[in-house]
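A.B. asks: Sharing a structure below in structure tokens format, with a few things to ask.
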Amino acid sequence: MRPILKIENLRVEYRSREAHQPLKVAVHDLDLSVMPGEVFGFLGPNGAGKTSTMNVLLGFVQPTAGGVYLFDADARDPLARQRIGYLPELTYYYKFLSVEELLRFYAKIFRIPKGETEKRIDWVLKVVELEHARTRLIKTYSKGMQQRAGLAQALINNPDLLILDEPTSGLDPIGRMKVREIIRRLKHEGKTVFFSSHELGEVETVCDRVAIMNEGRKTVEGSVTDLVAEHKMDLEHIFLKIIGYTPEAPV
């Protein structure tokens, strides 16, 4: 079985806005593979290089060096990106639209035939549990419902790979639980999910494997079960140990 996503020796540098300052290296020689059907958690503190890596995957940023491959094709190939669904951390949709109208708009972008569009809409709304609110304006949705509408648009092209940036950010416990259930359902349907998150409890629950970034470098990679057994602590404490944070002792 070949990786659905493969990163080889990825390096991402940015020029400083200030004159005569050295280049900032956001990602140092990253190697990573994600296999078909996996739920893969991409973790790290702010500034660790996660967003830079995801921006290269999506074609928003050009790599300084190294290669990124989707479905054995260069990630810069538009045909490879047609098989991706993407949910950004900060979403904004036209709130005067209903979720049905939003999905028809994205279906046109993907050039999905009209005869197929309505079937796709029915399917994604069932997956994200928004069938009951399909004609309501998005502006009337709760935060959790808006996030699930975002997942619906990421699924409208029936992608093989979903890239999700902080999919549970800002959600209450029920909203996080629903997103977690959706990710599990997508895995059951054979989708591959690659997502970043700060919610380590959620990651530990749904992910097959994780990689932890710190200061632009991959420090740990492996299955959640193996990492917990090796370090003899849960994923949250492994994460804190790697980034060098020691919680203060209670007074």
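A.B. asks: Among (1) part of a loop (DSSP other than H, G, I, E, B); (2) of a type outside the set (Phe, Trp, Tyr); (3) within 30 Å of Lys139 (Cα to Cα); (4) in contact with a strand residue (DSSP E or B) (Cβ under 8 Å, 6 or more places away or on another chain), there is one condition Leu90 misses while meeting the rest; what is its number?
C.D. replies: For Leu90, the failing item is (4).
A.B. asks: How about the range 56-96: which of its residues are more than 20 Å from Ile156 (Cα to Cα) and touching a residue at least 24 places away in the same chain (Cβ under 8 Å)?
C.D. replies: Val56, Val61, Pro63, Thr64, Ala65, Gly66, Gly67, Val68, Tyr69, Asp72
A.B. asks: Looking at the range 213-251, which of the residues that are among the basic types (Lys, Arg) and open to solvent by 100 Å² or more (accessible area, probe 1.4 Å) is modelled with the highest pLDDT? Can you show your working first?
C.D. replies: Restricting attention to the range 213-251, the residues satisfying the condition of being among the basic types (Lys, Arg) are 217-218, 232, 241.
Remaining after also requiring open to solvent by 100 Å² or more (accessible area, probe 1.4 Å): 217, 232, 241.
Values: Arg217: 94, Lys232: 89, Lys241: 87.
Among residues in the range 213-251 that are among the basic types (Lys, Arg) and open to solvent by 100 Å² or more (accessible area, probe 1.4 Å), the one modelled with the highest pLDDT is Arg217.
A.B. asks: Please verify whether Gly150 is open to solvent by 50 Å² or more (accessible area, probe 1.4 Å), small (Gly, Ala, Ser) and either in contact (Cβ under 8 Å) with a residue 24 or more places away in the chain or within 22 Å of Leu97 (Cβ to Cβ) (or both), treating the condition exactly as stated. Outline the logic, then answer.
C.D. replies: Values: open to solvent by 50 Å² or more (accessible area, probe 1.4 Å): no; small (Gly, Ala, Ser): yes; either in contact (Cβ under 8 Å) with a residue 24 or more places away in the chain or within 22 Å of Leu97 (Cβ to Cβ) (or both): yes.
In short, no.
A.B. asks: Within the range 10-38, restricting attention to residues that are of a type in the set (Gly, Ala, Ser) and crowded, with 16+ Cβ neighbours inside 10 Å, which residue is farthest from Arg184 (Cα to Cα)? Reasoning before the result, please.
C.D. replies: Initial filter on the range 10-38 (of a type in the set (Gly, Ala, Ser)): 16, 19, 26, 33, 37.
Next cut, crowded, with 16+ Cβ neighbours inside 10 Å only: 26, 33, 37.
Numbers: Ala26: 31, Ser33: 20, Gly37: 11 Å.
Among those that are of a type in the set (Gly, Ala, Ser) and crowded, with 16+ Cβ neighbours inside 10 Å, it is Ala26.
A.B. asks: Would the range 185-193 turn up any residue that is open to solvent by less than 10 Å² (accessible area, probe 1.4 Å), closer than 16 Å to Met54 by Cβ and at pLDDT below 90? Spell out how you get there, then give the answer.
C.D. replies: Of the residues in the range 185-193, the ones open to solvent by less than 10 Å² (accessible area, probe 1.4 Å) are 186, 192-193.
Okay, now just the ones that are also closer than 16 Å to Met54 by Cβ, so 192-193.
Imposing the further condition that a residue be at pLDDT below 90 reduces the set to none.
No, the range 185-193 contains no residue that is open to solvent by less than 10 Å² (accessible area, probe 1.4 Å), closer than 16 Å to Met54 by Cβ and at pLDDT below 90.
A.B. asks: Might you check whether a residue that is polar (S, T, N, Q) and touching a helix residue (DSSP H, G or I) at 6+ places or on another chain (Cβ under 6 Å) occurs anywhere in the range 71-87? Walk me through how you get there before you give the answer.
C.D. replies: As a first pass, look at the range 71-87 and keep what is polar (S, T, N, Q): 82.
Among the residues that remain, those that are also touching a helix residue (DSSP H, G or I) at 6+ places or on another chain (Cβ under 6 Å) are: none.
Checked against the condition, which is being polar (S, T, N, Q) and touching a helix residue (DSSP H, G or I) at 6+ places or on another chain (Cβ under 6 Å), the range 71-87 yields no hits at all.
A.B. asks: I'd like the full set of residues that are within 15 Å of the chain's Cα centre (by Cα), in a loop (DSSP other than H, G, I, E, B) and either of a type in the set (Gly, Ala, Ser) or surrounded by 20 or more Cβ atoms within 10 Å (Cβ to Cβ) (or both), limited to the range 39-87.
C.D. replies: Gly44, Gly49, Gly59
A.B. asks: Hey, another quick one. Taking the stated definitions as given, is Val210 among the β-branched types (Val, Ile, Thr), open to solvent by 10 Å² or more (accessible area, probe 1.4 Å), at pLDDT 90 or above and part of a strand (DSSP E or B)? Explain how you work it out, then say what you get.
C.D. replies: Details: among the β-branched types (Val, Ile, Thr): yes; open to solvent by 10 Å² or more (accessible area, probe 1.4 Å): no; at pLDDT 90 or above: yes; part of a strand (DSSP E or B): yes.
For Val210, the condition - among the β-branched types (Val, Ile, Thr), open to solvent by 10 Å² or more (accessible area, probe 1.4 Å), at pLDDT 90 or above and part of a strand (DSSP E or B) - is not met.
A.B. asks: Hey, another quick one. Condition test on Leu171, is it open to solvent by less than 20 Å² (accessible area, probe 1.4 Å), more than 28 Å from Phe71 (Cα to Cα) and touching a residue at least 12 places away in the same chain (Cβ under 8 Å)? Spell out the reasoning first.
C.D. replies: Details: open to solvent by less than 20 Å² (accessible area, probe 1.4 Å): yes; more than 28 Å from Phe71 (Cα to Cα): yes; touching a residue at least 12 places away in the same chain (Cβ under 8 Å): yes.
Yes: the conditions hold for Leu171.
A.B. asks: Ok, one more. Give the residues of the range 111-126 that are at pLDDT 90 or above and open to solvent by less than 80 Å² (accessible area, probe 1.4 Å), sorted by residue number.
C.D. replies: First, pick out the residues of the range 111-126 that are at pLDDT 90 or above: 111-113, 116-126.
Hits for the range 111-126 are Ile112, Glu116, Thr117, Glu118, Arg120, Ile121, Asp122, Trp123, Val124, Leu125.
A.B. asks: Answer with yes or no whether Arg104 is at pLDDT 90 or above and assigned to a helix (DSSP H, G or I). Reasoning before the result, please.
C.D. replies: Details: at pLDDT 90 or above: yes; assigned to a helix (DSSP H, G or I): yes.
In short, yes.
A.B. asks: Only one of these conditions is not met by Asp160: (1) within 30 Å of Ile109 (Cβ to Cβ); (2) of a type in the set (D, E, K, R); (3) out of contact with any strand residue (DSSP E or B) (no Cβ under 9 Å at 6 or more places or on another chain). Which number is it?
C.D. replies: Every listed condition holds for Asp160 apart from (3).
A.B. asks: I'd like the full set of residues that are small (Gly, Ala, Ser) and open to solvent by 20 Å² or more (accessible area, probe 1.4 Å), limited to the range 153-168. Reasoning before the result, please.
C.D. replies: In the first step, residues of the range 153-168 are kept if they are small (Gly, Ala, Ser); the result is 154.
Passing the criteria: none in range.
The values are calculated or read from the model by the stated rules, or taken from the named source; none is laboratory data. Keep in mind that what you see is a predicted model, and the values were worked out from it rather than measured. When we count neighbours, we look across all protein chains shown, and the Cβ atoms used for this are built from the backbone with ideal geometry, even at glycine. Surface areas here come from the heavy atoms of the whole protein model, side chains and all, with no ligands, DNA or RNA. Shrake-Rupley method; radii C 1.70, N 1.55, O 1.52, S 1.80 Å.
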